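**Q** Handing you a structure now.
The values are calculated or read from the model by the stated rules, or taken from the named source; none is laboratory data. None of the values given here were measured: they were computed from a predicted structure. As a convention, Cβ positions derive from the backbone with ideal geometry for all residues, glycine included, and neighbour counts pool all protein chains shown.
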């Protein structure tokens, strides 16, 4: 792949937080007397729109307000925000792309204000020319935000690679007309990702290899 710009997803792609999301959703289920999910089941039901995922995991959205539940989840997540760690190879791969003149940015379904805070905390903000998130806490609007984000970049769509971890990232990439690579991250199983007819790799180092940088990774 000869790409000039890489758009990274954040949650699950650069930061390993699927385990935390499982723990938080289980806390929400327990508060309602509902059966907990498991990491395996979570990987099979998680997705976008989040309303559908909440229903699949066991919540009754005919009786509960979806927005209020989203606020409850986000509050619990914010209390444990920095318990997660960057995925293995994140810093090395970001460094390698930068050294080789490949510009990078972030596009996430996370709230943009929260996203900026997280990226700064993990010490990787300098790698990105832009950080683009949505304006809500319900994971809605990534495609629309992606269109605005791509319009602000000085690249043709065929020069851009989007790296994500869910089938929704394929939808985003298709809507933007850019290339896409997915990583199984714990949010969705490899089996599900392979249904999307997209390149699936097991680790971030493999993304660098696709870009021809496998020999330029420094610990």
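**Q** If you go through the range 1-35, how many residues are farther than 17 Å from residue 186 by Cα and assigned to a loop (DSSP other than H, G, I, E, B)?
**A** 8
**Q** Does residue 116 qualify as being in the same structural domain as residue 201 (by TED's automatic domain parsing) and not in a helix (DSSP H, G or I)? Talk me through it step by step, then tell me what you get.
**A** Details: in the same structural domain as residue 201 (by TED's automatic domain parsing): yes; not in a helix (DSSP H, G or I): no.
Here the answer is no, as residue 116 does not meet what is asked.
**Q** Something else about it: For residue 126, state whether it is surrounded by 13 or more Cβ atoms within 10 Å (Cβ to Cβ), in the same structural domain as residue 173 (by TED's automatic domain parsing) and either modelled with pLDDT of 95 or more or more than 19 Å from residue 139 (Cβ to Cβ) (or both). Spell out the reasoning first.
**A** Working: surrounded by 13 or more Cβ atoms within 10 Å (Cβ to Cβ): no; in the same structural domain as residue 173 (by TED's automatic domain parsing): yes; either modelled with pLDDT of 95 or more or more than 19 Å from residue 139 (Cβ to Cβ) (or both): yes.
No.
**Q** Applying the selection to the range 129-139, what residues are over 13 Å from the mean Cα position of the chain (by Cα), at pLDDT below 95 and surrounded by 13 or more Cβ atoms within 10 Å (Cβ to Cβ)?
**A** 136, 137, 138
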